[in-house]
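A short reminder: the numbers here are calculations on the coordinates, not readings from a lab. Here the structure is a predicted model, which is why all the values come from computation and not from measurement. Cβ placement follows ideal geometry from the backbone for every residue including glycine, while neighbour counts extend to all protein chains displayed.
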Amino acid sequence: MLKPERRKPVDLIVTAIILLVIVVVGVAIWATSPVRETTESVAGTSINPAPPATAAPAGVEVAWTAPATAVDVADGLVITSKGNTVAGHDPADGRVLWHYRRDIPLCGLVARSSFGFPTGGSDSYVVAAFRNSRGCGEVTALRARDGFRGPTRSSLADKSVTLSSDGDLVLSQGDTRLEAWRSDLVRTIEYGRVQAPVNPDSQPEWERGGRCTLLSSAINSGRLAVIERCPRDAGYRLSILAASGQDDDKPEPYSSTVITSGTNTPPPQIIAVASTGVSVFVPAGSTVGDTAPAVANFGMDGHRTTAATVEAPANVPAGNLPHTSGGLVMFWTGQATVVLDATTLAVKFQTPGATGTGVVMGTDLVLPTVGGFSVHDAATGAHRASIPFGANTNAATPVVLRAVGSSIVEQSGDTVTVLRPRPAPPQATAGPAQPSSVTSSAPDQ
C-alpha cells in the first residue's frame, strides 16, 4: 500500500501564489471592465402603448419637459439622452421608468419600433453609442419597453458620430469612417479609415480619393449612400454602396461619382435612399446651371435624374437631420421643410416658415413653426389648421417632432417637451329664457 502524499511547505506557498494571482487578475478585470462603471435600472412593469393618433390635436398643453440632447420614441415610451445617460420616460408624466448610464460620454442614440429585439420577440430597441479612447464605438442595445440590456460591441470609431436606421440596419457615420450593424450589432459593412486592415486594398474608393472626409449619409433598402470630400477630386463625391456583403471590410460599390463642379459652395447633403436611387440637397451654385438650391435625385449609377427647386439659405443650418414618418421624408433647409415621398423620392411639396421636421398623425402632417404648429394634409400639403404654442419662438434651431399616441414630442435645443391634447372647453348650459326685449345686462359691481 502506497503511503499518502504529504504536503510540503513549498506546495502550500505555490498554491497561495496561484490563488493570489487569480484574485489579482479578477480584481483587475473587474476594475477595468465597463460593467464596473455602468449603472442601470430596468423597468419593473411596462406600460401599455397608446394607440396611434388618428388626427392632430386641436390644441395642446405641456405635460412635462426634461433636458435632452436627443429624443426618440419606441414602444410607447419617450427615449432621451443627456450627458452619459439614456432614459425611458412614461409619456404621460415624464417619470423615468428605466435608465442606462456609463462613465463615458454618450455620443448618440437611435430608436426604431419596426425592428425585432435580438433576444426574441418583436420588441423595439434603442442603440446607444458611447465614446471611449477609440472613439464613439462602445455600443449597447437596450430593449425600449424596459431598458433590458441586449447585445454590445466595441470597435474603432470617430470622436463624434451620427446614428440613423432604416428599421433594419443601424448606420453610424463619423468624418473618416462609417459602419452598419444588424440587430445583434454584428457589422455588415465598414467604409473609410480601417485600423490595421487585413486586406490592405479593402477600401479602394476611399483610398483612391486620398482618404476622404465623410460629410453625410443614409441607409435604406440594402443600400448606403454617402457624400464625401476627397482631396484629389474637383468637387463633392456621391458614393452608393451595398449595405452588406460577403466581407464587411470590403464594400461593394454601385457607383462613386463627383456630383458638383467645385467645393466653393457648402457640401450637398443626403436626404434619403430608396431602392431606385438617392435624394440629395444641392446648394445653389454647386454645378453649372444650379442657380437656386434644389433637391436632386440620382440613380444607382450616380447620374442625376431629376431636380426640384426649393427655398433655402446660402448655408443650411447644421444638425438638421432628415426624418421619415408615415411614408414621408422631411428635410428642413433653414427656410422651409421639404416633404418627399419615401418610396419614389419625388418632392411632394414644401412648407415655407416651418422650423424643423414634423410627424404624421393620421392623415395630418404636423410641422413646427414660430408660435406653434401648422397642420397640413399629408398627401397634398394643403394647410388645415394651426395649433398655437407660445414657447415656440426660435426659428434658428432645428426642431424635431415625434408622436406618442395623441401627444406631440418636441425637441428644441437641449429640451424635450411633451404636449398632450388640450381638453375641449366645457359647453355652456342654456339658462332660463329671457324676455325678448332684454338684450344684455351689466355685470354686478
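Can you pull the one-decimal nm distance between simple spin-label points at residue 363 and residue 263, each 7 Å off the Cα toward Cβ?
4.9
Working out 0.36 nm times the residue gap between residue 234 and residue 422, then minus their Cα-Cα distance, what length gain in nm do you get to one decimal?
Full-extension gain reported as 62.2 nm.
Stretched out fully, how many nm does the piece from residue 103 to residue 41 gain, at 0.36 nm a residue minus the Cα gap?
Here the segment from residue 103 to residue 41 would lengthen by 20.8 nm.
Quick one: if the Förster radius is 45 Å, what FRET efficiency do residue 379 and residue 247 give, using the C-beta to C-beta distance and rounding to 0.05?
0.55
With all pairs of different alpha carbon atoms counted, what Kirkwood hydrodynamic radius in Å does the range 295-419 show?
14.8
Once R0 is set to 25 Å, what does the formula 1/(1 + (r/R0)^6) return for the Cβ-Cβ distance between residue 301 and residue 213, expressed as a FRET efficiency to the nearest 0.05?
0.60
Rounded, prolate or oblate: which fits the range 286-344 when a ≥ b ≥ c are the square roots of the eigenvalues of the alpha-carbon gyration tensor, with rounded for a/c under 1.5 and prolate only if a/b beats b/c?
oblate
Under a plain spin-label model, where a point goes 7 Å from the Cα along Cα-to-Cβ, how far apart in nm are residue 396 and residue 92?
Between residue 396 and residue 92, the label points sit 4.0 nm apart.
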